[in-house]
1. Would you be able to say whether some residue in region 221-231 is over 17 Å from the mean Cα position of the chain (by Cα) and of a type outside the set (D, E, K, R)?
2. Taking Glu177 as meeting all but one of (1) modelled with pLDDT of 90 or more; (2) within 25 Å of the chain's Cα centre (by Cα), write down the number of the exception.
3. Taking into account only those residues within region 141-174 that are among the acidic types (Asp, Glu) and assigned to a loop (DSSP other than H, G, I, E, B), which is modelled with the lowest pLDDT?
4. Which residues, taken from region 209-244, are assigned to a helix (DSSP H, G or I) and under 21 Å from Val182 (Cβ atoms)?
5. What are the residues in region 191-204 that are surrounded by 14 or more Cβ atoms within 10 Å (Cβ to Cβ) and either among the hydroxyl-bearing types (Ser, Thr, Tyr) or not in a helix (DSSP H, G or I) (or both), if any?
6. Would you please name the residue that is nearest to Ser221 (Cα to Cα), looking only at residues in region 112-152 that are of a type in the set (A, V, I, L, M, F, W, C) and surrounded by fewer than 15 Cβ atoms within 10 Å (Cβ to Cβ)?
Amino acid sequence: MRRRRLDPRRHLVAWSLLPRRPVLPSLVPVVAPRSPLVAVWTRCWLRVRTDVGDLPWDDDGRKRRVARIELQALTVTRGAHRLLDAIDLAVADGERMVVLGPSGSGKSTLLRTIVGLEYPDQHEGGCVRLDGRDVTRLPPRERDASMVDQRASLQPHLDVRRNIGFPLSLRRVAAEERDARVEAEARSFALLRLLRRWPRTLATGERHEVALARSLVRRVSVLLLDEPFANHDAPRRSELIRELMTVQEGYGVTLLCATNDQRVAMSLAHRCAVLDGGRIVQVGPPTELFARPASAFVAGFLGTPSMNLLPARVERASSGVRIVAGALRVRSFVPAVADLVGLPCTVGVRPTDLRRTDPGTGRGVVIEEPVRACAFLGAEIEVRLGVPGEELVASIDRPSPTVGELLRLEVDPGDIHLFGPDGAAVAHGV
């Protein structure tokens, strides 16, 4: 006997019969006994959704504007591992904040704790405040926030149009308004051509765009994004960042984005928070983090190529002190540098601050080393100098030098950073 294929579109009446509050699967046959897909739909409906702002029972008709995020001594421990350690962070109304850090630093845990999918420690775990209201122990449905994670989960039985409008359907928004808002979000993210497509036919990047549009269709006040552009190529990523900034400013949404892509952070954020090992090590505008890193970790994490970090020592000289780091020799009269005599320290130099110079013309600190390797990057040439362990990377203008050629570079003393034995910044400019 041939098995009849079930079409979800033929059972929309049964779906509309489901109550707004969750029901037990055992009650489903009573609600709609002739619809064989109700059980499947109910399981999807009751499933804990990644896009927690789309939970069907979180809107009680009293819209709350949540725009300011405050975290106070937030601590999350799982077993013997402390995922977040006394996080203090404040995100202003309508601000775009980007949380930067390597994999395993606690970025995703931070977002999940804000939205309510994770809870801080019971005792001395700190608190989460949204618009001045303590929501630390409240479930996700009582927080006016939406989150899109790395998986970008979509409803597999709904096409793109109905996936975007799914939060509005659950709230019984009028069809005319629902269609208008879906069209507006689809137009904002260039998704009009995909509205009749099914999730299984979409690329990974397209699914993320659909999930992003779905999270904004509700006009939430807080939007949390976890690696939203990880699966997009560079041109599309730049385009999406511009579109997201336009939509965010238009709606006045407070945006908190977690990523390890510093290009996203530099182009999107008003401020960045750098996370390392569950702790915030520096918060500030991207330009400040780049020019005045608070530690050697921040200095090495930001920048492409990353900052040259060389083991160094500080020696006393006839006048002032002298910093010795590989081929780098520089005199300093900064009092804080003199305090490091005899202690191990680290010198940092940005590759873009190293410039090619001719003999007798350099006015800064001169470095002369043979070229070990070079790479053509279009407008710039990336060269590597020195021996392993004391290697320098420089970004210079064309023409490209040859491997083995003796290259003369200079750097201004004001562009040299010095970090102490504990990695904390001692001086920006020596």
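1. To start, the set of residues in region 221-231 that are over 17 Å from the mean Cα position of the chain (by Cα) comprises 221.
After this cut, where a residue has to be of a type outside the set (D, E, K, R) as well, the list is 221.
Yes; the residues of region 221-231 include at least one that is over 17 Å from the mean Cα position of the chain (by Cα) and of a type outside the set (D, E, K, R).
2. With respect to (1) modelled with pLDDT of 90 or more; (2) within 25 Å of the chain's Cα centre (by Cα), Glu177 is out only on (2).
3. Of region 141-174, the ones among the acidic types (Asp, Glu) are 142, 144, 149, 159.
From the residues that got through so far, the ones that are assigned to a loop (DSSP other than H, G, I, E, B) too are 144, 149, 159.
Details: Asp144: 83, Asp149: 86, Asp159: 94.
Here the residue is Asp144.
4. Quick first cut of region 209-244, residues assigned to a helix (DSSP H, G or I) only: 209-216, 234-244.
The answer is Glu209, Val210, Ala211, Leu212, Ala213, Arg214, Ser215, Leu216, Glu239, Leu240, Glu243, Leu244.
5. Leu191, Leu195, Arg197, Trp198, Leu202
6. Applying the first criterion (of a type in the set (A, V, I, L, M, F, W, C)) to region 112-152 yields 114-115, 117, 127-128, 130, 135, 138, 145, 147-148, 152.
Filter again for surrounded by fewer than 15 Cβ atoms within 10 Å (Cβ to Cβ), leaving 127, 138.
Details: Cys127: 19, Leu138: 17 Å.
Within region 112-152, the match that is nearest to Ser221 (Cα to Cα) is Leu138.
The rows are residues; the columns are (1) at pLDDT 90 or above; (2) farther than 24 Å from Leu158 by Cβ; (3) touching a strand residue (DSSP E or B) at 6+ places or on another chain (Cβ under 8 Å).
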position: Leu191; (1), (2), (3): yes, no, no
position: Leu194; (1), (2), (3): yes, no, no
position: Arg197; (1), (2), (3): yes, no, no
position: Leu202; (1), (2), (3): yes, no, no
position: Arg207; (1), (2), (3): yes, no, no
position: Val210; (1), (2), (3): yes, no, no
position: Ser215; (1), (2), (3): no, no, yes
position: Arg219; (1), (2), (3): no, no, no
position: Val222; (1), (2), (3): yes, yes, yes
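Table: residues versus (1) in contact (Cβ under 8 Å) with a residue 24 or more places away in the chain; (2) within 34 Å of the chain's Cα centre (by Cα); (3) surrounded by 13 or more Cβ atoms within 10 Å (Cβ to Cβ); (4) not assigned by TED's automatic domain parsing to the domain that holds Ser105.
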{"site": "Val281", "(1), (2), (3), (4)": "no, yes, yes, no"}
{"site": "Phe301", "(1), (2), (3), (4)": "yes, yes, yes, yes"}
{"site": "Ala336", "(1), (2), (3), (4)": "yes, no, yes, yes"}
{"site": "Leu340", "(1), (2), (3), (4)": "yes, no, yes, yes"}
{"site": "Thr346", "(1), (2), (3), (4)": "yes, yes, yes, yes"}
{"site": "Leu354", "(1), (2), (3), (4)": "yes, yes, yes, yes"}
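The values are calculated or read from the model by the stated rules, or taken from the named source; none is laboratory data. Owing to the predicted nature of the structure, the values given are computational and were not obtained by experimental measurement. With ideal geometry, Cβ positions are generated from the backbone for all residues, glycine too; neighbour counts draw on all protein chains shown.
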